[in-house]
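Some notes on the structure that comes next.
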Amino acid sequence: MRGVAAIGWLMAALSVPAAAAEPSLSLLPQAYPGAVATIADNTIVFADGFRLDAGSSNPAASFQDILQHASVRDMFRLSYPLGAPLLPPPVDFDPGRFRNKAFFDHLYGDCRKGEVERNLVAVPWLPLSAGRSVYVNQRGGAAAHLREVSAELERLPLAIRRAAYPIAGTYACRSVADSGQPSMHAYGAAIDLNLAYSDYWLWQAGRNGAIQYRNRMPREIIDAFERHGFIWGGRWYHYDTMHFEYRPELLAR
Ligand SMILES: [Zn+2]
């Protein structure tokens, strides 16, 4: 008996993960294997040798300031609430909307220079349900992981799966309305699902300009995306519930 109990204890001890790291700069190489080689002090070293200063994160900076001029360090300012209950987010809590342009320009290309198109590949999106392909960036693992999301969604009941197609878009060389910075769509690393199930903060501004939170995106779809490195726009105060973008550095644990 004692031997069996000891083995049980040992197995339990071995299954406890080593102290889980908070998402931070140090997780970039594992989030983007093959693209980000290492972190040296405050410098991100890409696999092709390109070096990028991670900058600093000024605690006194305003929300708008960070949105428009985020350093790589700023990208980790707000911890993405992976797997949390679907509740209205606190004011200006937009985890993932602080994006460093230089980092993503180097990872995926600059669409205004025609660099992103070269990296786009076709991913069959719910081929058993919708039968069409979407175009997504193959660098950094975005396209491969979207393929995995598609396979998972295909197994969901139709009533739930219906919110995932027809899609409203993937690649589009455009900026975000309230920041002027490139959207993740400009990198081919985001997807907007079925518009008919979508809610967006700019459509729902209530009296006194207060944002009224609303969501109709099923939890099963959100969970599937989050399992494969995509964050969801419905976890933002400035919410966009059809929007998912590939940000594995915010989900790595
Ligand atoms: Zn979107």
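The values are calculated or read from the model by the stated rules, or taken from the named source; none is laboratory data. Because the structure is a prediction, the values reported are computed rather than measured. A quick note on method: Cβ atoms are made from the backbone with ideal geometry, for glycine too, and the neighbour counts reach across all protein chains shown. Side chains included, ligands, DNA and RNA excluded: accessible areas come from the protein's heavy atoms. Shrake-Rupley method; radii C 1.70, N 1.55, O 1.52, S 1.80 Å.
Computed values, structure above
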| read-out | value |
| --- | --- |
| Total charge dipole magnitude, the chain, about the Cα centre, Cβ charges on Lys, Arg, Asp, Glu only, Debye to nearest 20 | 480 |
| Span-like helix ranges in the chain, DSSP H, alpha carbon extent 27 angstrom or more, Kyte mean at least 1.6 | none |
| The chain, relative contact order in percent, only Cα pairs under 8 angstrom and at least six apart counted | 19 |
| Arg216/Lys113 FRET efficiency (R0 45 Å; Cβ-Cβ; nearest 0.05) | 0.75 |
| Interchain or long-range residues, amide H under 5 Å from Ala37's placed H | Val45, Phe46, Ala47 |
| Heavy-atom SASA rank of Arg118, Arg235 (probe 1.4 Å, accessible area, largest first) | Arg118, Arg235 |
| Neighbourhood net charge (11 Å Cβ-Cβ; Lys/Arg +1, Asp/Glu -1) for Pro85 | +2 |
| Portion, in percent, of the accessible area of the chain that falls on carbon or sulfur, probe 1.4 Å | 56 |
| Heavy-atom surface of the stretch 72-126, accessible at 1.4 Å and reported per residue (Å²) | 43 |
| For the stretch 55-250, alpha-carbon Rg relative to the globular expectation (2.2 N^0.38 Å, N residues) | 0.99 |
| For the chain, built as a Gaussian network whose Cα springs stay under 10 Å, the top-fluctuating residue of Glu117, Glu152, Glu220 | Glu220 |
| Gain upon complete extension [Ala168, Asp41; 0.36 nm per residue less C-alpha separation] | 41.6 nm |
| The stretch 55-125 pair-distance distribution - Cα-Cα, 10 Å bins, rounded % | 17, 36, 31, 16, 1 |
| Cβ-based charge dipole, the chain, positive-most Cα from Leu153, Ala189, Val176 | Leu153 |
| Whole-number percent relative contact order across the stretch 167-219, with pairs defined as alpha carbons under 8 Å at least 6 apart | 29 |
| Highest-MSF residue in the chain out of Pro157, Pro33, Pro166 [GNM, Cα springs under 10 Å] | Pro157 |
